[in-house]
């Protein structure tokens, strides 16, 4: 069965190579590059032809004009295949292209093919293949995320340098290459996302308990992934050291809060890294021997928590001072209103001294109906004098 399957795979590869001889060279297609891609992604699950891989990488380094036909060739190959072997070799090829660090690779962005729902349809050993399918989906997810990260990072770098975006035709504006602390923190968080995606990339099958039954191609892919883990983890450590130095010198509440989240994520990822390294050791992955030393981050977390607590205390004190100032302003304004009202009252209660007489004609006659016109002046007599005048004579008296 294995022999017939291997012969079938070889026949498919030869047929695909023959088809490349019928195609013409255009802006998006190159028969030589297509042939190199087919040879690098053949159906042989027991070996990887590194010579064909290096030939493909040479096309990438020679000219940026080869990127378009190369991506087209890989996409056409990946969209047609239903073999986990070809799919995994295609992902390893894309991974190697990203590691070439050629500026033209930054233009790729999201991967042009989709393996998020990949399923092998050529193998009958479902108990093993379903784990390989999951491994390919996770590997694809990481590479797609990495390609997008490279694209966005290049765009951000060009924007900070006042250079035209990728695809724009305008003259660059001279500017410094300095980045802000918040930009460094966001980039560091994105790298942690890449590492998280990598740590999820592992085959899960019953054969993992028996490493001799695992396909050599899976071990080759794990070698590539472990190297990538070492690289990203080293970048994260360097970036973390630089960011923490800036934060300890001068940083705001937002920066310290984000840095604290990043350090807590780093602490949890260290446990995942330790577990992944043990997994690779049990699988016999060769590159595991060069694993980096995990640096504890508990002390940095404690310092950041102390800084954040101090910021909160300062903010509460500032708020209390603001409230006290507002209360003082309110009391002052109330006293000001009271003083103003007293001033207004005093301004209305004034004694007017004048040398002129005010004459009120017929005032009493109009208001008192019991007074005749001849008695009008009686109202001007004092009440006491009127009482004496009206007293009755004492008729009973004894002289």
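Annotations for the structure displayed:
- Scan of segment 61-80 for residues that are out of contact with any helix residue (DSSP H, G or I) (no Cβ under 6 Å at 6 or more places or on another chain) and either surrounded by fewer than 19 Cβ atoms within 10 Å (Cβ to Cβ) or not in a helix (DSSP H, G or I) (or both), ordered by number: 61, 62, 63, 65, 68, 75, 76, 79, 80
- For segment 172-179, the count of residues that are over 23 Å from residue 234 (Cβ atoms), assigned to a helix (DSSP H, G or I), modelled with pLDDT under 85 and over 25 Å from the mean Cα position of the chain (by Cα) is zero.
- Matching residues, segment 260-295, being within 20 Å of residue 239 (Cα to Cα) and modelled with pLDDT under 85: 260, 291, 292, 293, 294, 295
- Restricting segment 120-151 to residues that are part of a loop (DSSP other than H, G, I, E, B) and surrounded by 15 or more Cβ atoms within 10 Å (Cβ to Cβ), the residue that is modelled with the highest pLDDT is 120.
- Test: residue 46 is in a helix (DSSP H, G or I), touching a residue at least 40 places away in the same chain (Cβ under 8 Å) and in contact with a helix residue (DSSP H, G or I) (Cβ under 7 Å, 6 or more places away or on another chain): no
- Test for residue 86: is it under 20 Å from residue 42 (Cβ atoms), at pLDDT 90 or above and out of contact with any helix residue (DSSP H, G or I) (no Cβ under 8 Å at 6 or more places or on another chain): no
- First in segment 22-38 and part of a helix (DSSP H, G or I), second anywhere and surrounded by fewer than 20 Cβ atoms within 10 Å (Cβ to Cβ) and modelled with pLDDT of 90 or more, Cβ under 6 Å, 6 or more apart: 36/55
- Looking only at segment 81-95, and only at residues there that are in contact (Cβ under 8 Å) with a residue 60 or more places away in the chain and part of a helix (DSSP H, G or I), the one that is surrounded by the most Cβ atoms within 10 Å (Cβ to Cβ): 89
- Scanning segment 233-247 for residues that are touching a residue at least 40 places away in the same chain (Cβ under 8 Å) and exposed (fewer than 14 other Cβ atoms within 10 Å of the Cβ), we see that the one that is nearest to residue 310 (Cα to Cα) is 242.
The values are calculated or read from the model by the stated rules, or taken from the named source; none is laboratory data. Owing to the predicted nature of the structure, the values given are computational and were not obtained by experimental measurement. As a convention, Cβ positions derive from the backbone with ideal geometry for all residues, glycine included, and neighbour counts pool all protein chains shown.
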